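The values are calculated or read from the model by the stated rules, or taken from the named source; none is laboratory data. Keep in mind that this is a model prediction, so the values were computed, not measured. As a convention, Cβ positions derive from the backbone with ideal geometry for all residues, glycine included, and neighbour counts pool all protein chains shown. Surface accessibility is based on the protein's heavy atoms, side chains included, excluding ligands, DNA and RNA. Shrake-Rupley method; radii C 1.70, N 1.55, O 1.52, S 1.80 Å.
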Amino acid sequence: MRRVDLISMRSVALIAVCLFSVLFAGAQGFVRHIPDYKFLDQKKNVLHFPADTGNFRVFYEKLDSLVLCREGKINILHIGGSHVQADVFSNRVRRNLDSLNLDFKSSRGLVFPFKIANTNNPPNYKVSYTGKWESSRILKRKEEIQLGMMGIAVKAQSEDATMHIRLNRDSSERWMCTDLKVVGYADSAYSYPVIIGKDSSIQRPIYNILEDVYEFDFEGLIDEFTIGFEQTDSIFHPFTLSAILAENRSAGITYNSVGINGASVPSWLNCEKFVKELPLIKPDLVVFGIGINDAVPLNFNDSLFVENYTKLVNNILSISPNCAFVFITNNDSYRKSKGVYSVNLNGEKVQKAFYRLAKQHNAAVWDQFDIMGGLKSMRTWELAGLARKDKIHFTPAGYNLLGDLFYNALVKSYLNH
């Protein structure tokens with residue numbers, strides 16, 4: 001081999017080492033401080049790979065491109081039930097990962113006007129609305145309203161129906177968008193969404209008929225918008241909205257979260273438009289937080305649980321074949337009967353099922369059940385002010401702690417790789 005080739009190879013190697021040193025040094029600052037709770041064994045806070053790392057290699061390479069080369073977009077999708085709809089845990093992870101974006105103003109991603117459906121709206125963005133609406137969601141289905149990857153939909157039932165969304169609840173300008181995709185459908189082409197300006201001006205969309213997506217482009221960065229519905233017929237035609245995707249052209253990590261109170265794995269399998277809408281984000285990583293509702297029945301069937309989850313994994317892989325997966329085990333929880341609480345013994349069965357799933361799909365497990373202390377640990381978290389009295393859900397402090405722990409495990413796994 002020629003001397004010039006050797007020098008070139010050594011230069012490339014040196015650059016790689018230097019870049020990694022910069023990354024490693026910077027990432028130490030990215031890792032979040034965790035309070036020293038006696039019941040929390042932080043040595044257990046890792047991603048477990050029961051088999052091969054699979055598509056995580058692809059995911060980590062994309063992180064390299066973003067962090068080292070400052071280019072590329074990464075889409076993460078977090079799916080779950082009430083733990084995710086509240087968007088405290090997931091928003092903590094979102095904000096933590098935003099530190100990896102550095103100077104990039106990455107996209108906010110999926111949002112939805114939960115308030116219109118009379119259910120709890122994530123506290124980090126603001127929703128207001130006018131007019132008459134009808135809604136459908138995973139546990140309160142209306143057959144005429146189909147559901148997609150959000151697991152919920154709202155249907156405008158009057159001509160004055162509008163919604164206003166502000167992406168930044170506080171005075172910051174962290175989440176801004178230049179592109180908006182409104183996902184939904186009407187019974188005819190005579191009804192479609194429009195953006196209503198502060199001066200009452202109307203901006204009409206470009207319609208993607210194959211995906212039922214209405215696309216809007218803005219000249220500058222915005223963080224709030226009003227959606228109305230234009231009628232071009234003398235007869236009113238209702239419009240059904242199933243998702244809103246707020247994006248911009250900046251590189252970075254977009255952390256999408258979709259969660260519906262009471263959702264189980266079969267709930268998501270029953271969303272007719274889930275697979276059709278998934279290409280809008282085509283996730284590089286899916287974080288599964290579904291399982292707490294599946295494990296409520298006394299006759300919990302772990303084999304059926306694994307079978308249903310495998311169907312959901314395969315649905316996602318059909319759209320995003322290089323997608324990596326993290327399975328979050330259930331938190332410890334209790335049942336309440338006649339005013340008396342008893343520990344849910346299914347916690348350990350579900351935990352083992354998640355490891356089976358991870359082994360089967362070359363995925364990772366974040367063992368929340370083990371990290372928090374295992375069986376009966378929810379009571380300890382409650383006494384520490386980290387869990388609610390229902391012994392199923394967490395307080396905001398508890399969700400933020402879990403978000404920091406999960407983020408640390410993900411970042412450390414990346415560094416170790």
Query raised in the report: What is the residue count in region 105-127 for residues that are part of a strand (DSSP E or B) and open to solvent by 50 Å² or more (accessible area, probe 1.4 Å)?
Result: 1
Report summary line: Checked against (1) out of contact with any Pro (no Cβ under 6 Å at 6 or more places or on another chain); (2) within 20 Å of Thr130 (Cα to Cα); (3) part of a strand (DSSP E or B); (4) open to solvent by less than 40 Å² (accessible area, probe 1.4 Å), His237 satisfies every condition except (3)
Query raised in the report: Can Ser257 be described as part of a loop (DSSP other than H, G, I, E, B) and either open to solvent by less than 40 Å² (accessible area, probe 1.4 Å) or not acidic (Asp, Glu) (or both)?
Result: no
Query raised in the report: Has region 348-365 got any residue that is in contact with a Leu (Cβ under 6 Å, 6 or more places away or on another chain) and crowded, with 22+ Cβ neighbours inside 10 Å?
Result: yes
Report summary line: Flagged in region 267-294 as under 14 Å from Ile328 (Cα atoms) and of a type outside the set (Phe, Trp, Tyr), in numbering order, are Leu285, Val286, Val287, Gly289, Ile290, Gly291, Ile292, Asn293, Asp294
**Report entry** Residue identified as of a type outside the set (Lys, Arg) and touching a residue at least 60 places away in the same chain (Cβ under 8 Å) among Phe300, Phe305, Phe325
**Finding:** Phe325
Query - Criterion: of a type in the set (Ser, Thr, Tyr), open to solvent by less than 20 Å² (accessible area, probe 1.4 Å) and under 20 Å from the mean Cα position of the chain (by Cα) - qualifying residue of Ser82, Ser90 - result: Ser90
Query raised in the report: Only one residue in Leu317, Leu312 is assigned to a helix (DSSP H, G or I), open to solvent by 50 Å² or more (accessible area, probe 1.4 Å) and not charged (D, E, K, R), so which one is that?
Result: Leu317
Query raised in the report: Of the residues that make up region 266-281, is at least one closer than 24 Å to Ser342 by Cβ, of a type outside the set (Ser, Thr, Tyr) and open to solvent by 20 Å² or more (accessible area, probe 1.4 Å)?
Result: no
**Report entry** region 323-341, subset part of a loop (DSSP other than H, G, I, E, B) and buried (at least 16 other Cβ atoms within 10 Å of the Cβ), residue nearest to the chain's Cα centre (by Cα)
**Finding:** Cys323
Report task. Take the residues in region 135-165 that are free of Cβ contacts under 8 Å to residues at least 60 places away in the same chain and buried (at least 16 other Cβ atoms within 10 Å of the Cβ), then tell me which one is farthest from Thr226 (Cα to Cα). Result -> Ser136
Requested in this report: Identify, by number, the condition in (1) within 28 Å of Phe274 (Cα to Cα); (2) open to solvent by less than 60 Å² (accessible area, probe 1.4 Å) that Asn344 doesn't meet.
Outcome: (1)
Report summary line: Those residues of region 26-67 that are open to solvent by 50 Å² or more (accessible area, probe 1.4 Å), hydrophobic (A, V, I, L, M, F, W, C) and out of contact with any Lys or Arg (no Cβ under 8 Å at 6 or more places or on another chain) come to a total of 2
